[in-house]
Amino acid sequence: MIATRGSHFSSAITLPGASTAAFFLAGFYFRSALPALALLALAFALDIAAVVWGGVSAECFGPAYPFLGLAYLVLWVGGRWIAIRYSQRHRLAISTLGTLVVSVI
């Protein structure tokens, strides 16, 4: 997430943002909520650093900014839900693809 947080779109120099994928995968791979909280703190710290040292406008910290954290936590819950579904069936197969698609959406 550190390497990709600086830009929302890829270019020849930067990678596209991977924060959403990081939260979903953290939910899938970690049972505890501590990694999600650590990723939230990291995302906030990276945004602060972008404003303080990166020259990014502080307008990104508007009234909707807290909902970004909520959206990240929803992604974590989706990853956690799909991990529980797969562990109950003990398989990754085409028949479980619908569950994966619903959790990602």
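Per-residue answers, yes or no, for (1) loosely packed, with under 10 Cβ neighbours inside 10 Å; (2) touching a helix residue (DSSP H, G or I) at 6+ places or on another chain (Cβ under 8 Å); (3) more than 15 Å from A22 (Cα to Cα):
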site	(1), (2), (3)
A36	no, yes, no
V56	no, yes, yes
L73	no, yes, no
A93	yes, no, yes
T96	no, yes, yes
T99	no, yes, yes
For segment 26-105, which fully contained helices (runs of 4 or more DSSP H) count at least 3 residues that are under 15 Å from M1 (Cα atoms)? 34-52, 65-89
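The numbers here are math on the coordinates, done by the rules we state, and not lab data. Everything quoted here is computed from the prediction, not taken from an experiment. Quick reminder, even Gly has a Cβ in these numbers, built from the backbone with ideal geometry, and neighbours come from all protein chains shown.
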